[in-house]
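Notes follow the structure.
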Amino acid sequence: MPKNSIGLTAKSWAVLRKDIQVEFRSRYALNAILLFGVTTLTVVSFSVGQKNLSGELYAALFWIIIFFSAMSGLAHVFVREEDAKTATVLRLTADTTAVYWGKLGFNFLLLSLLEAVITPLFLMMTDAILHHFFLLLIILFLGAVGLAGATTLIAAIISKASVKGALFAVLSFPILLPLLIGVINGTTKALTATGGVTQASSELQLLTSYAVVMITASLLLFEFVWEE
Amino acid sequence: MVWKIVLLVVMTWVIVGAFILPAPQQAIGEASRIFYFHVPQAWVAVVAFLVSMVASVRFLRNGNRLEDDRARVAAGLGLLFSLLATVSGSIFAKVTWQSYWNWDPRETSILILLLIYGAYFALRTAVTEPERQARLAAVYAIFAFVTVPFLMFVIPRVLPSLHPSDSIVDESGSFAMSLETSVVFFPSLAAFTGVFIWMYRLGRRVTTAERLRIEE
Amino acid sequence: MYTLEVLGLTKGFGPRQVLKDVSFSLTVGDSLAVIGKNGSGKTTLLRILAGLMIPTRGKAVFMHDSQKLDRAAIRQRLSYVGPELALYDALTAAENLRFFGKMRGISLDNELIVKITEMVGLSGRENDLYRAYSSGMKQRLKYAVGLLNDPTYLLLDEPTANLDEEGRQIVSQIIARQKENGILIVATNEQEEYGFAEKQYRLDG
């Protein structure tokens, strides 16, 4: 066999591509997450649609939708491997760090897709007014990185539990709190006239440092979860 | 043995002193006496988290199940004391500001600590195989601990505070407790820590004995 | 010279003792059949050696010229093929091979994939979904994946399960080659499979 050495980046990329391929052919997680998101959004819009609420309230509702949709689909990337028994071969052959980066990337893409679908729908179906587009874009990006960064490790943890149920949400929520505070406050500033990127600097700092810290911690801890 | 008697004496003094001596914060009134109990409880809850986290790190490094026993016991006590702190704080909030819960930063932080402990045990219950349970719990304890700096520094800046902020160190940064208050508060801190250590040692011996019995 | 030293391997699941004090020593050219009735811990032993499970006590030491191999090095030089393994249902055989090749650090072009599938008797079926394969074909593909890294240490659990005559022949060839250049451990309770290895280790009760 030709032995070219393939670097960590290429291997991570391969894991990501493989997960995208498999997901694309079954669309299980994607359906779960989008369906949940759109359904919740519809309920929100139905009860709140024509009323004129504050930016804070809209921000909170938006991120509630995103958080619970995330909870319904982000564990899939590991749970599916365990259920289908493909995790064993992956463990035997793959670089642990590459597995983490690949799965992290997948969850980030899943979240980005969710945000891309829900955000315009949210703005259309409620009376929320987007005052600072660029700020919202940054918040959505950092929010997705942070959310994926914090929950990918937890997804790996619960995939090895015998009883899953609501465990993913229970474990994730306390850890996500700083992120949720950051994105909700940041989004509020994007939805209010007086907000703006410069106004939201502390939120942006919080979100960036959170993402960096959680991903770093995950990288260090992942091997203890993945390798039995 | 002696130290347990000392602990009894100190704790008795604390309980008596908390009610006999003048209330620590006159502005708030009699309810501020809860300061002598509530703050040490919160302190112990945080210390327990630290102990649990350190034991978890040790466990991941050397695989010694004793460390996992330590982590589990400390977490159990952390759960207890954060529950006590949340409840005592909530009672105080009701009496002073007429509402049980206000999302003040410190209230939020202790609630999050409570949620983390709850999640820790939910995880342990959900994993049946002992080795795996110990390892996953250790990972979670460490991961959750990493969010603590965010909670400590971020939340107070982002949420408006109701907590009396000048009870221990006032605006100018110098020590603000009167002699009468110090004389009850510091012994209380020591006494609650003493109770924690006592319960921790007992708990750890029981947990380890239980585990060894099962393994035989 | 690659070696494997197993010292006092013990595994219990709660109160249930599955493995008790397993010890043996192997070097390149050695082949071992781990024998025992169902539930005697054969698969557990292999899984521990493959790094998929942590023993309660004892250890398995992989060495190269008196240098201990770390986890990453072991992973590179070891392969495990067993019935509880599964490849990706939603991918074709070729895609599975290409992916696991990448994981092993190898880029497989189409030519190589054709060669590999030929070696395990799956010619012409490389673009079928793994899901569509029969259990015998799946077993063959698992071998293909298992051999991608040219393993020094090859662990086989029930090597001829689900295989027809042709499949068994292929496995015999694989095993013969492995015995020349590497270390082979076979877990089985089939008489016919005992012959695959020179040495035997009995796991009983």
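Tabulated data
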{"read-out": "Straight-distance crosslink candidates among lysines, where the alpha carbon sits under 21 Å from C:Lys115 and sequence neighbours closer than 8 are dropped", "value": "A:Lys3, C:Lys102, C:Lys138, C:Lys142"}
{"read-out": "Label-zone membership for the range B:51-89, site B:Thr125, 7 angstrom Cα→C-beta point, backbone N under 16 Å", "value": "B:76-77, B:79-80"}
{"read-out": "Area projected by the alpha carbon convex hull of chain B, averaged over all directions, nm²", "value": "13.7"}
{"read-out": "Inter-label distance, nm, simple model (7 Å from Cα along the C-beta direction), C:Glu166/B:Asn62", "value": "5.8"}
{"read-out": "Filtered trypsin sites (Lys or Arg not before Pro), the range A:67-104: DSSP coil and at most 14 other beta carbons within 10 Å", "value": "A:Lys85"}
{"read-out": "Choice from B:Leu83, B:Leu179, B:Leu114 showing the highest fluctuation, given a GNM over chain B with Cα pairs closer than 10 Å", "value": "B:Leu179"}
{"read-out": "Cleavage-rule hits (GluC sites (Glu not before Pro)) in the range C:99-180: DSSP loop, at most 10 neighbouring Cβ within 10 angstrom", "value": "none"}
{"read-out": "Order of B:Phe143, C:Phe13, A:Phe224, B:Phe81 - criterion: other Cβ atoms within 10 Å of each residue's Cβ, fewest first", "value": "C:Phe13, A:Phe224, B:Phe143, B:Phe81"}
{"read-out": "Principal-axis tilt of helix B:2-20 within chain B, Cα atoms, nearest 10 degrees", "value": "30"}
{"read-out": "Of A:Leu153, A:Leu123, A:Leu16, the one that fluctuates the most in a GNM where chain A has Cα springs shorter than 10 Å", "value": "A:Leu123"}
{"read-out": "Descending Cα extents along the principal axes, the range C:17-106, whole Å", "value": "42, 36, 26"}
{"read-out": "Relative pair counts by distance (%), Cα atoms of chain A, 10 Å bins", "value": "8, 32, 33, 18, 7, 1, 0"}
{"read-out": "Mean projected area (nm²) of the alpha-carbon convex hull when the protein assembly as shown is viewed from all directions", "value": "34.3"}
{"read-out": "Reach of C:Lys37 by Cα under 19 Å, taken over lysines that are not fewer than 8 positions away in the same chain", "value": "C:Lys11, C:Lys20, C:Lys199"}
{"read-out": "Two-site FRET efficiency, A:Phe24 against C:Asn189, from Cβ-Cβ distance with R₀ of 30 Å, rounded to 0.05", "value": "0.10"}
{"read-out": "Computed [θ] at 222 nm, helices only, for the protein assembly as shown once each DSSP H run of length n ≥ 4 contributes -39500 (n - 2.57)", "value": "-22000 deg cm²/dmol"}
{"read-out": "Tensor-based shape of the range A:128-221 (alpha-carbon gyration tensor, a/c under 1.5 rounded, otherwise prolate or oblate)", "value": "prolate"}
{"read-out": "Intensity falloff of chain C expressed as log10 I(q)/I(0), Debye formula with alpha-carbon point scatterers, at q = 0.10, 0.17 Å⁻¹", "value": "-0.42, -1.19"}
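Read-outs throughout are calculated quantities, based only on the coordinates presented, and are distinct from any laboratory measurement. Computed from a prediction, not measured in an experiment: that's the story for all the values here. Cβ: placed from backbone, ideal geometry, glycine included. Neighbour counts: every protein chain shown.
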